[in-house]
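Contents: one structure, followed by commentary.
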Ligand SMILES: [Zn+2]
């Protein structure tokens, strides 16, 4: 199988988690390899390199990213970072972070953009569990 690098790069730029486990995104400038959905800044196209497996990236001399844990086993807690992110977000929200710093403050504490955080929470939380009212209007109704 050959990786379509242009497509792979677009997937990484969009941090599309559906492609986690399909390929590995390595960054020449940092020597680190990531999952496609890694929240770290997307490098320039010419600095990106793609591998089918983490093992292949390692043997090319890259190290695993500590942020997205590309070596995690699918289905393990490490792998399911999105659910974990939602859990951490909920804990911070119950600590009153949103009241104090807003959704922007919450997102920056978690190390994500506000847009990314909203997207993860939309997919991970049931509509009734929306932690802040401003976003309730955007939650799809399922009744
Ligand atoms: Zn990463």
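Hey, can you rank 31-38, 115-122 by average C-beta count inside 10 Å, highest first?
31-38, 115-122
Order these by the 10 Å Cβ neighbour count, fewest first: 6, 114.
In order of increasing Cβ crowding within 10 Å: 6, 114.
Once you have the Cα-Cα distance between residue 122 and residue 63, take 0.36 nm times their residue separation minus that, and quote the gain in nm to one decimal.
Length gained between residue 122 and residue 63: 18.1 nm.
Just subtract the alpha-carbon distance of residue 28 and residue 71 from 0.36 nm times their residue separation and send over the number in nm, one decimal.
Extra length from residue 28 to residue 71 when fully extended: 13.6 nm.
Every read-out reported here was derived from the displayed coordinates using simple, explicitly stated rules and does not represent laboratory data. These numbers come from a predicted model, not from an experiment. Here the Cβ is made from the backbone with ideal geometry for all residues, glycine too, and neighbour counts use every protein chain on show.
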